[in-house]
Amino acid sequence: MPDHILVAVAWPYANGPRHLGHVAGFGVPSDVFARYHRLRGNRVLMVSGTDEHGAPITYGADSEGVSAQEFADRNNEIIVKELQALGLAYDIFTRTTTCNHERVVQDLFRRLYEAGFIEPQTVLGAFSPSTGRTLPDRYVEGTCPICGFPEARGDQCDNCGNQLDATDLINPRSRLNGEVPEFKQAEHFYFELPAFAAELERWVRRQKHWRPNVRNFTLRLLEDLKPRPITRDLDWGVPIPLPGWQERPDKRIYVWFDAVMGYLSASIEWAHNRGTPEAWQEWWRNPNSRGYYFMGKDNITFHTVMWPAILLGVGELNLPYDVVATEFLTLEGKQFSTSRGHVIEVSDFLSRYDPDPLRYYLISAGPETSDSDFTWAEFLRRNNDELVGTWGNLVHRTLVNAQRNFGGVPEPGELSERDQRVLDQVEAGFDSVAELLEAAHFKAALAEALRLAALVNQYLGEEQPWHAIKTDRRRAATTLFVAVHCVDSLKTLLTPFLPFTCQHLHELLGYGDVLAPQPQLSEQLEQCGRSHLVLGGGAGYEEQDRWQPSRIESGRRLPVPEPLFKKLEPTIVAAELARLAGGD
RNA sequence: GGCGGCGUAGCUCAGUGGUAGAGCGCACGACUCAUAAUCGUGUGGUCGGUGGUUCGAUCCCACCCGCCGCCA
């Protein structure tokens, strides 16, 4: 009986291209996990999309002189193509500006409101007189009333550290355009988080399988929950679905509140698009389904507190089973910074290098349990020593020897103890790698697969089929038969990590089917008349368990092999560092 | 300022209440089928500092130093 696995991937904000830190956090680990479960034959639903509402989108649009929708469209397309190029095989990657999303968000809002979990409150907020838009506290600056620091922000003074209200500032002005903001009373809706505190705490305490940092951080958050605003004075976002509010052009649902609901709305859209409108319930209402949420650590609170509280408030929807938060990736020792040019964008990287080496790096040296650093020197080393040297070389020497001497998979003689041992060792990987992957220990899982590749290199070195071929052809045939089996098995173990090159290898091994599907872009037309880009469809799920040791038959003809990976020149390190410095 | 994280071999990182591991580097050796790719052996750390709890701490607690992040 296959499992239902929801892979809920954090929604990238549509304010520009994604960099390596972003995809190290939410992207690659979630895809490895989803691909593993699909190979296993489990029913995976992997959902995400671009998060397109909120004030920063309107500011970005203003600075480029386009509408918020145009700005979001542009960035959605950029991001979708980056994720596709990385081989992230979503079942659906959609957006928050679809009619479907708006409908789902409004429905959830109404249900929470009717259940009494949403309350109105009146607050004093800053507005920009020239644009009529609300100005978040942190965009107001002025003189600190406590220490006199002239550039204090509306939420806190950077000089003396005191918490402030924007209304406290002397000579307040907008950090966006310098004008004097206007302060007005405004009515907003608040989500009653404290109503869920006790139930959330009981739930979190039971989640012993969570990463400790996620669990501890969440338990601390739960000690002090306050009602949280879920509407804003803004003209860009989902309208508030209440009489007298729905039509107002200046009030919208706060972006965080609508964004987390995307997991559900995307699942519903996926079900609708494939003509089975109720199918999403298999992942959301089936008690045996497990939901795994992937994100960077800055997003933990939304996934362990806010979203679970919403789910509890609405009822009859599964809470997350695991919340897999990744730490931060730095770049050459410093934080990524788009504005300072200290950044490597995904598309820029992929214009010069292949996706699998990047995926390999982001898993093997990524910020899984603590912050980690991307350096070009380490990327070069990982590519050349590990991908090319250990794994790529094992594949190539095995295939070259088998193909050149036997034209394909050789007919073996009797297996020796040594032959059987290496086969057993590799076969054991199907359990050990699976166990690590299911526990979201990606780094260890990949290291385990590579360790097995090294064992096969060792085996070849001992058996030396290139010598035996001259004296004992049958012995050489047996060794290469064993080696081909090992390579074929390791191919399966590595497919979640390296989908492009494992598909290539699959073909070099003479298979004609698709082992590692890649996501496709399509245009989706909604009933409301709008259309949008969707990434997905290339994945689906297998009905069979392909996570099995090789059964490749002897006698199969193999094509002339070609290398899976490119060895990189050491000179790229200096060149890339110079490129980075040029961006500063 | 508040909160949090980190500090383990030259480097990048795992890890555990019973005085530590991997990969790389380095040294030497084997091999030369393979993208000069592989394989073996060896080298290497008073686990940031000081106290405390404990029969015993790198792992728990307190403080300190250093680095980083969040609140911003």
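Annotations for the structure displayed:
- Residue check, A:T218 in contact (Cβ under 8 Å) with a residue 12 or more places away in the chain, closer than 15 Å to A:G125 by Cα and of a type in the set (S, T, Y): no
So that you can scan it fast, the table gives a plain yes or no per residue for (1) surrounded by fewer than 19 Cβ atoms within 10 Å (Cβ to Cβ); (2) not polar (S, T, N, Q):
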| site | (1), (2) |
| --- | --- |
| A:G341 | yes, yes |
| A:P357 | no, yes |
| A:L362 | no, yes |
| A:T369 | yes, no |
| A:T375 | yes, no |
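- Cross-chain or 6+ apart pairs with Cβ under 8 Å, region A:182-209 first and under 24 Å from A:V105 (Cα atoms), then in a helix (DSSP H, G or I) and open to solvent by 80 Å² or more (accessible area, probe 1.4 Å): A:F189/A:Y113
- The number of residues in region A:544-581 being free of Cβ contacts under 8 Å to residues at least 24 places away in the same chain and either away from RNA strand B (no atom under 16 Å from the Cβ) or not in a helix (DSSP H, G or I) (or both) comes to 7.
- Complete set of residues in region A:461-490 that are closer than 30 Å to A:H441 by Cβ and more than 14 Å from RNA strand B (Cβ to nearest atom): A:H485, A:D488, A:S489
- Of the residues making up region A:196-226, those that are among the basic types (K, R) and within 16 Å of RNA strand B (Cβ to nearest atom) are A:K208, A:R211, A:R215, A:R220, A:K226.
- So A:F93, is it over 24 Å from A:Q246 (Cβ atoms), of a type in the set (F, W, Y), part of a helix (DSSP H, G or I) and under 15 Å from the mean Cα position of the chain (by Cα): no
- Some residue of region A:63-71 being out of contact with any Lys or Arg (no Cβ under 8 Å at 6 or more places or on another chain), closer than 26 Å to A:G313 by Cβ and at pLDDT below 95: no
- A:Y59 being open to solvent by less than 10 Å² (accessible area, probe 1.4 Å) and aromatic (F, W, Y): no
For (1) of a type in the set (A, V, I, L, M); (2) touching a helix residue (DSSP H, G or I) at 6+ places or on another chain (Cβ under 9 Å); (3) within 6 Å of RNA strand B (Cβ to nearest atom), each residue gets a yes or a no:
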residue	(1), (2), (3)
A:P367	no, yes, no
A:R382	no, yes, no
A:G392	no, yes, yes
A:L399	yes, yes, no
A:N405	no, yes, no
A:G413	no, yes, no
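- Selection status of A:E192, of a type in the set (D, E) and either within 31 Å of the chain's Cα centre (by Cα) or at pLDDT 85 or above (or both): yes
- Among the numbered conditions (1) farther than 26 Å from A:Y511 by Cα; (2) open to solvent by less than 70 Å² (accessible area, probe 1.4 Å); (3) touching a Lys or Arg at 6+ places or on another chain (Cβ under 8 Å), the only one that A:L436 does not meet is (3).
- Meets criteria (within 19 Å of the chain's Cα centre (by Cα), open to solvent by 20 Å² or more (accessible area, probe 1.4 Å) and either within 14 Å of RNA strand B (Cβ to nearest atom) or touching a residue at least 60 places away in the same chain (Cβ under 8 Å) (or both)) for A:F336: yes
- Tally, over region A:96-133, of residues that are outside any helix (DSSP H, G or I), surrounded by 18 or more Cβ atoms within 10 Å (Cβ to Cβ) and either without any contact (Cβ under 8 Å) to a residue 24 or more places away in the chain or not aliphatic (A, V, I, L, M) (or both): 8
- The number of residues in region A:81-90 that are buried (at least 23 other Cβ atoms within 10 Å of the Cβ) and in a helix (DSSP H, G or I) comes to 2.
- One residue stands out in region A:285-333 among those that are more than 12 Å from RNA strand B (Cβ to nearest atom) and among the charged types (D, E, K, R): the one that is most open to solvent (accessible area, probe 1.4 Å), namely A:E316.
- A:P517 fulfils the conditions (1) closer than 29 Å to A:T50 by Cβ; (2) in a loop (DSSP other than H, G, I, E, B); (3) open to solvent by less than 20 Å² (accessible area, probe 1.4 Å) except for a single criterion, (3).
- A:E282 passes every criterion in (1) within 16 Å of RNA strand B (Cβ to nearest atom); (2) surrounded by 17 or more Cβ atoms within 10 Å (Cβ to Cβ) apart from (1).
- Qualifying residue in region A:420-428 (condition: more than 11 Å from RNA strand B (Cβ to nearest atom), among the acidic types (D, E) and either surrounded by 15 or more Cβ atoms within 10 Å (Cβ to Cβ) or more than 30 Å from A:G60 (Cβ to Cβ) (or both)): yes
- Entry remark, region A:398-410: residues being surrounded by 18 or more Cβ atoms within 10 Å (Cβ to Cβ) and part of a helix (DSSP H, G or I) number 6 in total.
The values are calculated or read from the model by the stated rules, or taken from the named source; none is laboratory data. All values derive from a computational prediction rather than experimental measurement. Don't worry about glycine lacking a Cβ; one is built from the backbone with ideal geometry, like all the others, and counts go over all protein chains shown. Accessible surface is based on the protein model in full, side chains and every heavy atom, while ligands, DNA and RNA are left aside. Shrake-Rupley method; radii C 1.70, N 1.55, O 1.52, S 1.80 Å.
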